[in-house]
Amino acid sequence: MNMLTAGPRRTSPLLGLGIMGMSELYGPADDGESLATLRAALDGGVRLVETGDAYGMGHGELLLGEALRARSRESVVISIRFGALREPGGGWTGSDSRPVAVKNALAFSLRRMGTDHIDLYRPGRPDPDVPLEETVGALGELVQAGHIRGIGLSDVSARTLRRAHAVHPIANVQTEHSLFSRDAEDDIIPTARELGIAVTAYGVLSRGLLSGHWSRERQQRLAPEDFRLGLPRSQEPRLAHNLALAAALGETAERYGVTTAQLALAWVAAQGQDITPLVGARTGPQLTEVLAGAALNVDEAAIAEAQKAIPRGAAAGQRYMKPLLDLLDSER
């Protein structure tokens, strides 16, 4: 069974919440505020929640487990990224997607979240030292055993997606997709549709640049460890160019009575009923804005104008720094 696919047509876009930033990479976060935001998202109709076992060394899973207490497990689709290796100092040291490592990681994730199954389980990145067929085969065994409901992939090429799907049906593929990042339209999304695989779109607000709330002043206030400081699109002179594009989108949004973030989100949702936008709201006000946006019926004219304001390829700079891009199967 595919997870969060077109399947039966839906009347309003599904919305997912990515909680990586509640654990690390986006600077300090308050657990109390994070839990309140997470619970409000679930109360507000968010069905998909994603984190990774490596984010905060299990911190994200512990948060999610706490938020799920006294709540129907079947009301939430849990998506977990696994495979990243960490060291005590916080460094990232590679990937491990051997079948024995997959089963070990799952055992710990289930315990941390206090659940008996994960809906979507996906390697965060393909492990270059392990044949993909071995990893997917092990995941297929976990599906048969009932420990996971569906297999997901992330940042893979169309060719890799086909290889994996030939071993075991893939339920969901995750890819960056926004007005600033549209490469997935070439091969990944069409291949997913051909194979009946759902798409989860992350980075829909380009890590804040398309939120309507970004500025040089805000960027200067980021914590030194915030990884967004190192992203090419956040570096001058590219930052000035990208903020100008966001401002143009904001002018369009204002004419239609919505916020910049809401229009950027609506554009992603309008790309297909099989695409679930994943937002990274960390606070109540951020969540309120995106939930309101998901409930709006933004008309086709607004979507067309948004695309005119930010044509494909208009953003300056790559979405990641080169060493990280080099690790992505989708970029090969």
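Filter the stretch 234-288 for residues that are basic (Lys, Arg) and touching a Pro at 6+ places or on another chain (Cβ under 7 Å) and give the result.
238
Of these, 41, 29, 84, 54, which one is over 25 Å from residue 229 (Cα atoms) and not polar (S, T, N, Q)?
41
In the set 52, 16, which member is under 19 Å from residue 265 (Cβ atoms), surrounded by 19 or more Cβ atoms within 10 Å (Cβ to Cβ) and touching a residue at least 40 places away in the same chain (Cβ under 8 Å)?
It is 16.
Which one is modelled with the highest pLDDT among residues in the stretch 287-303 that are farther than 17 Å from residue 45 by Cβ and open to solvent by 60 Å² or more (accessible area, probe 1.4 Å)?
Once the filter is applied, the top-ranked residue is 300.
Could you please tell me which pairs satisfy a Cβ distance under 6 Å, a separation of 6+ or placement on different chains, a first residue in the stretch 310-327 that is surrounded by 14 or more Cβ atoms within 10 Å (Cβ to Cβ), and a second residue that is aliphatic (A, V, I, L, M) and in a loop (DSSP other than H, G, I, E, B)?
310/179
Could you list, in sequence order, the residues of the stretch 142-165 that are touching a residue at least 40 places away in the same chain (Cβ under 8 Å), in a helix (DSSP H, G or I) and closer than 24 Å to residue 114 by Cα?
Hit for the stretch 142-165 is 142, nothing else.
Taking residue 285 as the residue in question, decide whether it is within 23 Å of residue 60 (Cβ to Cβ) and of a type outside the set (A, V, I, L, M).
Criteria met by residue 285.
If only one of 205, 263 is within 22 Å of residue 33 (Cα to Cα) and either out of contact with any helix residue (DSSP H, G or I) (no Cβ under 6 Å at 6 or more places or on another chain) or of a type in the set (A, V, I, L, M) (or both), which one is it?
Going through 205, 263 in turn, just one is within 22 Å of residue 33 (Cα to Cα) and either out of contact with any helix residue (DSSP H, G or I) (no Cβ under 6 Å at 6 or more places or on another chain) or of a type in the set (A, V, I, L, M) (or both): 205.
Out of all the residues in the stretch 225-244, which are part of a loop (DSSP other than H, G, I, E, B) and open to solvent by 30 Å² or more (accessible area, probe 1.4 Å)?
225, 235, 236, 237
Could you pull out the residue among 249, 222 that is surrounded by 15 or more Cβ atoms within 10 Å (Cβ to Cβ) and either assigned to a helix (DSSP H, G or I) or free of Cβ contacts under 8 Å to residues at least 40 places away in the same chain (or both)?
249
The values are calculated or read from the model by the stated rules, or taken from the named source; none is laboratory data. Computed from a predicted structure; not experimentally measured. Note that each Cβ is placed from the backbone with ideal geometry, even for glycine, and that neighbours are counted across all protein chains shown. We work out accessible area using only protein heavy atoms, side chains counted, and drop any ligands, DNA or RNA first. Shrake-Rupley method; radii C 1.70, N 1.55, O 1.52, S 1.80 Å.
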